[in-house]
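Following: one structure in structure tokens, then a few remarks.
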Amino acid sequence: MMIPGKFVGRAALLALGIALAAGANAQQSLSEARSQRARVPSKAAAVAPKPELEAKAIDVLKATTDRLAKAQSMSFTAIVTYESPSRIGPALAYTTISEVVMQRPDKLRVVTLGDGPASEFYYDGKTMTAFAPAENLVAVSAAPPTIDAALKAAFDRAAIYFPFTDLVVADPYKALAEGLTVAFYIGQSKVIGGTTTDMVALVNDNVFLQVWIGAEDKLPRMLRAVFRNDPLRLRHQMELSNWKLDPVVAADTFASAKAATALPMAFAHPGGSAASGFRPPTKAKPAGKAAAKPQPTKTP
């Protein structure tokens with residue numbers, strides 16, 4: 001986000017808050033990952049193996065994505081744990097927690113409490129607002145008329161990304177299943193989410209994803225990802241809880257009175273390295289405007 005003069009330092013803090021809201025130094029959603037996939041030569045494509053998609057795994061995935069797609073409103077808690085290399089080698093784990101409220105087709109609120117700077121994101125169908133409450137800074141931008149388009153615009157304009165994006169878009173099944181090369185049913189767990197879950201593995205050219213889905217309520221309880229082009233094989237995990245489907249949502253949920261009186265700043269890339277989220281590491285690009293990468297204050 002390009003900020004004049006004295007607001008540069010505060011802008012960096014807002015960038016950290018927004019980045020941590022996405023799960024810092026983490027990995028892009030399957031849909032974003034697919035958009036960056038390297039093109040396969042036509043000769044190689046002709047001999048590519050047929051996808052191995054086990055029917056039971058696809059049935060479990062469809063059951064949860066169908067339930068999410070039918071919900072006209074929803075709320076849930078997302079706890080994201082992401083690994084980041086330490087200066088002595090082994091990865092350190094950092095965690096964020098976000099409270100999410102969504103109402104189709106054009107409203108979303110994400111309040112992220114930390115670790116790291118707190119941040120709030122509001123989308124009301126007309127504008128997107130990114131608010132850093134501790135620093136009293138706010139960035140506002142005109143927004144497209146749907147959640148899907150708004151999330152893409154937030155990422156393109158300001159590197160704002162949320163790792164649960166694939167769960168709140170209009171077609172969660174397409175977001176998660178498009179490009180799959182392998183899908184198989186693992187079994188059941190009685191540990192995750194305090195309920196019995198069905199475990200499935202989903203694989204495409206970019207990511208290996210394990211998903212725990214409630215056997216009875218068909219709601220996703222945990223996702224765990226490792227990205228193929230990450231040489232460190234860092235792990236990224238998202239726990240989902242406090243699910244409410246089709247709750248009555250108050251009209252003022254998707255705005256903030258405090259944000260309306262905060263110090264304004266530009267809704268743009270703040271400068272630095274790429275933004276965070278459930279997305280794979282990318283090759284270095286020429287220097288330019290991009291979101292700041294959060295850094296831990298102390299690293300052993």
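The values are calculated or read from the model by the stated rules, or taken from the named source; none is laboratory data. Small disclaimer: the values here were computed from a predicted structure and weren't measured. Every residue, glycine as well, gets a Cβ built from its backbone with ideal geometry; the counts of neighbours run over all protein chains shown.
So which helices (runs of 4 or more DSSP H) are wholly in the range 1-113 and hold at least 3 residues that are surrounded by 12 or more Cβ atoms within 10 Å (Cβ to Cβ) and at pLDDT 95 or above?
By residue number, 55-70.
In a strand (DSSP E or B), surrounded by 21 or more Cβ atoms within 10 Å (Cβ to Cβ) and modelled with pLDDT of 95 or more, is that true of residue 120?
Judged against the criteria, residue 120 is a match.
For the range 172-188, indicate whether the set of residues that are of a type in the set (Ser, Thr, Tyr), touching a helix residue (DSSP H, G or I) at 6+ places or on another chain (Cβ under 9 Å) and under 30 Å from residue 259 (Cα atoms) is non-empty.
Within the range 172-188, none of the residues are of a type in the set (Ser, Thr, Tyr), touching a helix residue (DSSP H, G or I) at 6+ places or on another chain (Cβ under 9 Å) and under 30 Å from residue 259 (Cα atoms).
Which of the residues belonging to the range 218-236 are in contact with a strand residue (DSSP E or B) (Cβ under 7 Å, 6 or more places away or on another chain) and over 18 Å from residue 172 (Cα atoms)?
226, 227, 228, 232, 233, 234, 235, 236
So which residues in the range 220-235 are crowded, with 21+ Cβ neighbours inside 10 Å and modelled with pLDDT of 95 or more?
Selection gives 220, 221, 223, 225.
Can you say whether residue 126 is charged (D, E, K, R) and in contact with a Gly (Cβ under 9 Å, 6 or more places away or on another chain), as far as the supplied structure shows?
no
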